[in-house]
Amino acid sequence: MNDMTQPKVVGQRTPRIDGEFKLTGRAGYTGELHVDGMLYGYPVPSTIANGKLESLELDEARAMPGVVDIFHHGHFETLHRSPNSMAHGDMVNEVRLPFEDERIYYHGQYVALVVAETFEQARAAAQRVVARYTRMSGAAPGLLQTDAEGELQESAGTSRGDPQAAFGGAEVKVDSTYQIAAESHLQMEMHATLAEWHDDGQRLVVHESTQGVFFQRNAMARVFGLAQENLEVISHYIGSGFGNKLFMWPHAVATTVAARMTGRPVKVVLPRQQDMSSGGNRPASRQRIRLGADRSGKLTSVIHDSTTETSLVHQYVDGCGSATPSFYACDNVSTSQRVLEVNHGTPCPMRAPGEVSGIFALETAMDELAVELDMDPVELRRKNNAELDPASGLPWSSKHLDECLTSAAERFGWAQRNPAVGSMRDGDEIIGYGMAACTWSAGRQPCEARVELRADGTLFAACGTQDIGTGTYTIVAQAVAELTGAELSRIEVKLGETSLPAGPLSGGSMATATVLPAVAAAVRDALDAIKEAAIGSGGAFEGSDADSLFADAGCLTDGNRRVSFEEVLETSKLSSVNGHGSAAPGNEQNEYAFRSFGAHFVEVRIDPDISRVRVARVVSSIDIGRAINPPTARNQVEGGIVMGVGMGLLEKLDYDPRDARLINANVADYIVPTHADAPEIDVELLDYPDFKHNEFGGRGVGEIGLTGVAPAIANAIYHATGKRYRDLPITIEDLLAAD
Ligand code: MOS
């Protein structure tokens with residue numbers, strides 16, 4: 001019926017179906033929601049990173065206009081922790097509950113929540129709360145300010161062959177250490193919660209800007225001791241997340257308690273400073289890479305040892321080595337992962353978590369190896385291309401890294417590169433060409449969906465996943481249009497509610513491949529239902545065989561006669577038919593390895609007189625199977641590239657080495673790329689549908705574009721200057737520093 005090798009809507013450029021809502025301000029983001037009788041909350045953050053809260057002076061704040069209540073350790077409900085299980089869907093970003101005790105573990109930890117009639121009143125009163133602390137000496141410093149090694153995470157390491165022996169005997173070696181500063185997600189919309197209790201505290205509705213409504217519902221049910229059925233979490237529009245909104249944070253718990261204890265709905269939108277200090281970060285990392293190779297460039301050993309930060313209230317492991325075992329063909333590979341507890345805010349996943357840091361180290365080390373070998377770095381990647389997944393031994397479902405390298409190199413003009421350091425100039429500027437490969441795993445999760453065909457001529461699709469700005473609403477509509485032939489404008493999509501069929505996190509670049517097969521199953525179920533109606537007594541195709549009917553252009557047809565869905569339904573006196581579908585990864589997971597690959601080529605221009613470096617051009621080819629909607633998919637890669645410029649050159653959470661306080665939790669001092677920093681970008685998405693992954697042929701695209709950008713920049717800077725920068729970000733100060 002539908003030939004997915006020749007789709008009509010999937011794989012085509014279509015406008016975003018939610019574009020009009022966003023453009024006209026009708027898209028309801030959590031922070032903008034208003035309900036009658038609502039109060040506003042404003043958290044009070046600790047101003048020290050390590051110590052004990054001795055007392056809170058609240059009298060002045062309480063007497064201020066509009067203040068309703070102030071919650072803190074001595075005035076709060078007794079709650080339970082979430083089990084924090086990925087498998088059971090109740091993982092949280094911080095297991096410690098707000099105000100659980102009076103210990104202060106990081107700068108920005110909430111010590112109170114002021115609730116008032118207006119936002120301004122809550123903020124003004126919060127600023128009058130006086131907290132007295134006993135500072136404790138010996139705040140655990142950040143990873144980049146200590147030689148401490150951290151605790152080994154046995155389960156996060158891997159090994160094959162004998163990497164130590166192979167490294168010892170290697171003809172050519174690289175042994176380097178790389179450090180990356182902690183980064184902020186700096187998503188556009190800050191964390192936000194609106195909590196409403198109904199039925200005398202028996203039923204809870206929470207609006208949250210979250211990448212996972214079901215995860216938050218499940219965790220809140222545990223924390224508040226509620227049946228999941230008595231709790232709904234809603235997230236219709238999200239001003240992005242990049243991973244810091246995958247799981248629940250303490251502000252949501254504090255807001256919900258405040259709503260119950262005041263008996264009124266309460267909304268909290270974190271100010272940017274608190275979002276940056278207490279709402280997640282990409283942890284700092286230190287990585288040592290050892291590469292061994294023979295003279296021809298064939299890798300004989302890869303040893304990748306990583307340490308990342310976590311906080312004292314929650315263990316988060318940022319798995320830097322997780323792409324390494326699958327990246328290149330090599331018989332002797334090991335990875336290890338350590339975690340160091342520091343007095344910083346709790347880190348969490350951030351776009352391509354772990355791997356983006358790991359790939360910076362690995363792909364910079366590969367460039368160092370190419371220099372040692374006097375070999376073209378593109379050639380070195382080709383030489384070590386893995387025909388099978390070396391980690392699992394399984395064949396790839398679909399892999400075209402070679403074509404990505406060839407195509408991007410050609411469009412970039414790599415052949416014109418003079419490999420001699422500092423040899424390429426344009427006037428006063430030194431030009432550097434660098435490249436790196438990139439990769440991200442292609443996962444799938446179980447998912448359910450529901451589709452209705454309605455007598456009013458509309459179609460409706462629902463799934464309890466979210467659109468975090470990537471285009472999920474649009475691609476769900478495309479899938480429905482593809483399978484029914486209905487116009488996109490007739491298709492309504494509902495996401496982001498726990499009342500809908502269970503859907504996945506918007507994370508891990510898994511939503512597209514997870515949701516679309518479930519939607520397709522629901523469409524087929526709905527089509528079966530409408531055919532059933534059509535062939536029944538008094539139906540539009542009474543007496544026909546259901547198998548002789550098929551959907552075309554929003555109609556049922558037997559090949560001769562076409563009757564629109566709405567007419568079929570009206571003829572049978574039905575308001576609608578309902579289809580339910582579910583899908584999950586299957587046997588193919590044991591037969592193939594699923595991972596996307598690509599390549600970035602970068603031109604930097606350096607003005608040596610003022611040590612200014614600009615990323616002038618990025619040319620990329622990425623293989624993500626089929627892009628369901630090419631412009632939105634390309635937009636994900638472009639955004640990743642700009643984020644990679646930030647990671648490479650600008651972004652760094654600055655902690656005071658003396659007392660572990662976060663110095664630059666604001667967008668004036670935490671520097672991100674602006675439009676003026678954005679390079680000229682040329683992204684090509686190869687089009688090899690991966691039908692082993694799912695029937696639509698698409699793998700995820702949200703994260704891969706960021707991986708490989710920072711090392712390509714560092715490698716280009718090496719080409720321009722001959723200086724090897726192994727720490728991120730590479731700042732003007734670093735460029736100015738004497739050799
Ligand atoms: Mo992504 S770090 O899974 O939002």
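For the structure I just gave you, tell me whether E151 is surrounded by fewer than 20 Cβ atoms within 10 Å (Cβ to Cβ), closer than 30 Å to R351 by Cα and touching a Lys or Arg at 6+ places or on another chain (Cβ under 7 Å).
So E151 fits the description; yes.
Taking the criterion of being touching a residue at least 40 places away in the same chain (Cβ under 8 Å) and under 17 Å from G443 (Cβ atoms), would at least one residue in segment 718-726 satisfy it?
Scanning segment 718-726 turns up no residue that is touching a residue at least 40 places away in the same chain (Cβ under 8 Å) and under 17 Å from G443 (Cβ atoms).
What are the residues in segment 69-91 that are crowded, with 21+ Cβ neighbours inside 10 Å and in contact with a Lys or Arg (Cβ under 9 Å, 6 or more places away or on another chain), if any?
Correct list: I70, S82, D90.
Can you pull out every residue in segment 421-442 that is under 24 Å from the mean Cα position of the chain (by Cα), open to solvent by less than 20 Å² (accessible area, probe 1.4 Å) and not hydrophobic (A, V, I, L, M, F, W, C)?
T439
Identify all residues within segment 345-373 that are away from the ligand (no atom under 16 Å from the Cβ), within 17 Å of H600 (Cα to Cα) and β-branched (V, I, T); write none if there are none.
Once the filter is applied, which keeps residues that are away from the ligand (no atom under 16 Å from the Cβ), within 17 Å of H600 (Cα to Cα) and β-branched (V, I, T), segment 345-373 yields only T364.
With the structure loaded, tell me whether G292 is touching a residue at least 12 places away in the same chain (Cβ under 8 Å) and part of a strand (DSSP E or B) or whether it fails that test.
yes
Out of (1) over 21 Å from the mean Cα position of the chain (by Cα); (2) buried (at least 16 other Cβ atoms within 10 Å of the Cβ), the odd one out for A676 is which?
(2)
So is E341 more than 25 Å from G722 (Cα to Cα) and acidic (D, E) or not?
Yes.
Is it the case, given these coordinates, that E171 is among the acidic types (D, E), closer than 28 Å to F242 by Cβ and touching a residue at least 24 places away in the same chain (Cβ under 8 Å)?
no
Enumerate the pairs (first residue in segment 691-713 and closer than 19 Å to P630 by Cβ and away from the ligand (no atom under 16 Å from the Cβ); second residue anywhere and of a type in the set (S, T, N, Q) and modelled with pLDDT of 95 or more) with beta-carbon separation below 6 Å, excluding pairs fewer than 6 apart on the same chain, so at least 6 apart or on different chains.
Here the result reads H693/S397; G698/T512, each pair linking segment 691-713 to a residue that is of a type in the set (S, T, N, Q) and modelled with pLDDT of 95 or more.
Pairs needed: first member in segment 235-262, over 20 Å from S82 (Cβ atoms) and modelled with pLDDT under 95; second member anywhere, more than 16 Å from the ligand (Cβ to nearest atom) and in a helix (DSSP H, G or I); C-beta distance under 6 Å; at least 6 residues apart or different chains.
Qualifying pairs under 6 Å: none.
In contact (Cβ under 8 Å) with a residue 24 or more places away in the chain, in a loop (DSSP other than H, G, I, E, B) and not aromatic (F, W, Y), is that true of A477? Even if it seems obvious, please write down each step before you answer.
Details: in contact (Cβ under 8 Å) with a residue 24 or more places away in the chain: yes; in a loop (DSSP other than H, G, I, E, B): no; not aromatic (F, W, Y): yes.
No: the conditions fail for A477.
Which helices (runs of 4 or more DSSP H) does segment 350-433 wholly contain that include 2 or more residues that are at pLDDT 95 or above and among the acidic types (D, E)?
Passing ranges, in order: 355-373, 401-412.
Residues V515, V480: which one is within 25 Å of R13 (Cβ to Cβ), within 30 Å of the chain's Cα centre (by Cα) and within 16 Å of the ligand (Cβ to nearest atom)?
V515
Can you pull out every residue in segment 492-512 that is open to solvent by less than 10 Å² (accessible area, probe 1.4 Å) and either more than 16 Å from the ligand (Cβ to nearest atom) or not in a loop (DSSP other than H, G, I, E, B) (or both)?
Passing the criteria: only L495.
Residues L299, L231, L226: which one is closer than 30 Å to G161 by Cα, away from the ligand (no atom under 16 Å from the Cβ) and aliphatic (A, V, I, L, M)?
L299
Just for segment 189-215: of the residues that are out of contact with any Asp or Glu (no Cβ under 9 Å at 6 or more places or on another chain) and free of Cβ contacts under 8 Å to residues at least 60 places away in the same chain, which one is least open to solvent (accessible area, probe 1.4 Å)?
G201
Among the residues of segment 565-595 satisfying the criterion of being open to solvent by less than 30 Å² (accessible area, probe 1.4 Å) and under 18 Å from V451 (Cα atoms), which is nearest to the chain's Cα centre (by Cα)?
Across segment 565-595, the extreme among qualifying residues is A583.
If a residue must be part of a loop (DSSP other than H, G, I, E, B), open to solvent by 10 Å² or more (accessible area, probe 1.4 Å) and either aliphatic (A, V, I, L, M) or more than 24 Å from G37 (Cβ to Cβ) (or both), how many such residues does segment 103-142 contain?
Initially, segment 103-142 is screened for residues part of a loop (DSSP other than H, G, I, E, B), giving 105-109, 117-118, 127-129, 136-142.
Now restrict to residues that are open to solvent by 10 Å² or more (accessible area, probe 1.4 Å): 105, 107, 117-118, 127-129, 136-141.
Those left that are additionally either aliphatic (A, V, I, L, M) or more than 24 Å from G37 (Cβ to Cβ) (or both): 105, 107, 127-129, 136-141.
Final tally of qualifying residues: 11.
Basic (K, R) and open to solvent by 50 Å² or more (accessible area, probe 1.4 Å), is that true of R62?
Yes; evaluated as a whole, the condition is true for this residue.
Here's a check for you: in segment 253-289, which residue that is in a strand (DSSP E or B) and not hydrophobic (A, V, I, L, M, F, W, C) is surrounded by the most Cβ atoms within 10 Å (Cβ to Cβ)?
Looking at the filtered set, the residue picked out is R282.
Scan (1) farther than 30 Å from L246 by Cα; (2) within 22 Å of the chain's Cα centre (by Cα); (3) not aromatic (F, W, Y) for the single condition P353 breaks and write down its number.
Single failed check for P353: (1).
What residue, among those in segment 303-326 that are polar (S, T, N, Q) and not in a loop (DSSP other than H, G, I, E, B), is surrounded by the most Cβ atoms within 10 Å (Cβ to Cβ)?
S306
If I ask for residues that are open to solvent by 30 Å² or more (accessible area, probe 1.4 Å) and not β-branched (V, I, T), which ones from segment 29-43 would you list?
Hits for segment 29-43 are Y29, E32, L33, H34, D36, G37, Y40.
The values are calculated or read from the model by the stated rules, or taken from the named source; none is laboratory data. Since the structure is predicted, the reported quantities are computational estimates derived from the model, not experimental observations. Positions of Cβ are generated from backbone atoms using ideal geometry, with glycine treated the same way; all protein chains shown enter the neighbour counts. When the accessible area is computed, the model is the full protein with side chains, heavy atoms only, and any ligands, DNA or RNA have been set aside. Shrake-Rupley method; radii C 1.70, N 1.55, O 1.52, S 1.80 Å.
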